[in-house]
1. Would you compute, from DSSP H runs of 4+ residues alone, the mean residue ellipticity of the chain at 222 nm, taking -39500 (n - 2.57) per run and dividing by the full residue count, rounded to the nearest 500?
2. In region 339-359, which residues have a backbone nitrogen under 19 Å from the label point lying 7 Å from Glu404's Cα in the Cα-to-Cβ direction?
3. What is the local net charge at Gly319, summed over the other residues whose Cβ is closer than 15 Å to its Cβ (Lys, Arg +1; Asp, Glu -1)?
4. Which percent of Cα pairs goes in each bin when the distances of region 262-384 are cut into 5 angstrom slices starting at zero?
5. Straight-line reach only, C-alpha to C-alpha below 18 angstrom: list the lysines that Lys448 could link to, leaving out same-chain residues fewer than 8 apart.
6. Could you give the size of the charge dipole of region 264-424 about its Cα centre, using +1 on the Cβ of each K and R and -1 on the Cβ of each D and E, expressed in debye and rounded to the nearest 20?
7. How much length is gained if the chain between Lys448 and Phe28 is pulled fully straight, taking 0.36 nm per residue apart and subtracting their Cα-Cα distance, in nm to one decimal?
8. Can you compute the modelled spin-label distance between Glu336 and Glu416, with each label point 7 Å from Cα toward Cβ, in nm?
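Derivation of every value follows stated rules applied to the coordinates shown; laboratory data play no part. Please read all numbers here as calculations on a predicted model, not as lab measurements. For neighbour counting, all protein chains shown are included, and Cβ atoms are generated from backbone atoms with ideal geometry for every residue, glycine included.
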Amino acid sequence: MNEFSKRRVKLVFILSLFTTGITALWFFLARSLNLHELSLYIAATMPFFICSAIISKVGNLTLARFIYLVAFNISVAITSSFIGKAGSVEFILLFAMALPFVFFSFRREKSYVALFPVLSIVLWILLYVTDFNLFTITKIDTTLADTYIYPVSIFTTAVLVTYQLIFFSMINARYYSNIQDEREDAIEASNAKSQFLSMMSHEIRTPMNAIIGLSHILGDTNPRPDQEENIEALNYSGKILLNLLNNVLDYSKMETSGVALDPIPTDVMSAVKQIKKIHEPGCLGKGITFKLQVDEKLPMLLLDIVRFNQVINNLVSNGIKFTKQGSVTLKITKQEDRNGNVRMRTEIIDTGIGITKEQQEKIWQPFTQASINTNRLYGGTGLGLPIVKSIVEAMGSAVHIESEVAQGSRFYFDIEVKSISNEKLNQDSGKKERNLKGRRILLVEDNKINIMVGKQILERANLVVDVAFDGLMAVNMVKENDYCAVLMDIQMPIMDGYTSSIEIRKFNTTLPILALSASVFLEVKSKIEQSGMNGFIFKPFDPEDLYNRIEAVIDMPLAS
Ligand code: ADP
């Protein structure tokens with residue numbers, strides 16, 4: 001028996017006994033007023049209530065409830081008919097009217113919930129219509145009814161209705177306390193999930209950093225042409241895996257804390273060229289062409305390029321995945337440039353399998369694919385588009401879709417972004433030419449493979465690299481040497497990256513410190529800022545991104 005039914009059995013049992021008690025009270029009242037006929041009527045109903053108590057305990061709840069409700073309604077109507085209008089006994093029917101709402105289930109026993117209140121109302125109406133001569137025409141003395149019965153009727157009604165209200169309130173209170181408990185459990189589970197994801201994200205990204213970094217290094221060591229292809233494939237697969245990992249992590253992160261944007265000065269053209277580089281090998285392998293059309297007139301923009309790239313990456317990946325022949329085009333055009341605000345349209349057009357009108361609405365839901373065959377034929381998790389939607393919405397826009405089955409699809413969105421002034425642009429382009437050659441940088445990292453990868457990547461830009469294996473060693477090395485920047489891992493033995501940065505800031509407020517973070521969580525980002533670091537680079541990093549970030553911070557004036 002479920003929890004709900006047990007509660008009902010208890011209710012019917014208690015109420016049956018309670019009503020037997022009240023009936024006994026009425027019996028003695030009738031006796032003491034020498035109303036023998038009435039006392040007999042009342043006595044006759046008592047066994048029904050006792051029966052309903054026993055039957056409810058035995059397990060036939062429906063029969064018990066029927067007996068109780070019929071006996072109760074009829075006994076009130078008979079008593080009322082005997083006593084007449086002056087006794088106001090019929091008001092007890094109010095209780096009978098509300099009782100089915102707690103006796104029966106609103107979902108499964110709707111008809112009973114409707115039937116029994118109707119029975120009470122009909123009896124009440126019949127009493128009035130027949131001038132209380134419904135069951136008997138004998139009436140007791142009006143003054144007697146008025147003096148003794150009326151107060152007892154009102155008292156009985158009040159007690160029964162109060163009982164009902166208390167029962168309702170208790171059920172409500174228990175219900176809300178259950179909801180509260182469940183809510184707390186859910187929050188706890190969600191926090192545990194976040195922690196687990198943060199840990200997994202770190203654990204997976206660290207070796208990914210090595211795989212992607214090493215494939216970059218291998219590619220630069222004059223490999224044989226046959227090795228070159230393998231290295232490219234290795235790098236491509238690493239990036240795809242990283243994208244998938246990012247999607248899963250990002251989705252759960254967005255679910256809990258929304259999308260936070262971090263706009264930085266961006267040259268859209270060079271940023272999206274990377275996308276072409278990433279996806280071209282995949283297109284070539286399938287025999288389709290990848291077209292990149294970026295408006296020459298686009299100025300430098302203040303844009304969260306990491307998020308923007310993530311959107312394009314997801315849409316382009318889908319385009320390639322769902323296209324067997326033809327092309328995938330990434331088109332970015334300037335729509336309007338007013339007072340330093342640029343409206344930019346981004347379109348991803350493919351000549352693939354297309355999406356039906358009905359599916360076009362469904363595919364934005366998490367874990368949803370256009371058809372049950374999609375996963376078998378093309379793989380995927382169904383998370384790409386929900387992430388795209390969240391990011392584009394955070395950028396103040398919406399993604400539109402135009403698609404014809406077997407013709408292809410076009411995903412597009414317009415975003416408004418600030419453009420960077422000409423002076424800033426000159427400064428930035430001046431920066432681009434700066435050489436990192438011979439500058440000394442400190443890499444703080446405890447993982448040996450990451451040290452190897454990081455060192456080689458940094459040395460390729462002709463930087464002189466010193467390595468500290470933990471945060472404390474980093475503090476001491478910064479005291480003794482002059483570095484252009486510090487690349488600081490976060491999780492390390494002896495002293496972590498946050499504490500190390502706080503310590504460094506005590507004696508050096510100008511040295512640029514960039515965190516190397518494998519975590520995608522916002523908490524980490526704000527902790528990085530609080531500990532006095534100048535920014536962070538996601539692991540695994542692309543060498544070009546890393547050089548750009550180092551260049552950007554080297555001469556950056558500090559706030560403090
Ligand atoms: P995934 O690609 O991992 O399955 P997405 O959320 O990116 O998840 O896409 C959801 C679904 O939308 C895909 O499974 C596919 O059925 C459909 N879809 C997305 N982009 C395209 C496209 N360019 N052409 C055809 N179908 C698409």
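1. The per-residue figure over the chain is -20500 deg cm²/dmol.
2. 348-359
3. Overall, the nearby charge balance is +2.
4. 2, 10, 18, 21, 18, 15, 10, 5, 1, 0
5. Lys539
6. 400 debye
7. That works out to 141.9 nm of additional length.
8. Between Glu336 and Glu416, the simple spin-label model gives 0.7 nm.
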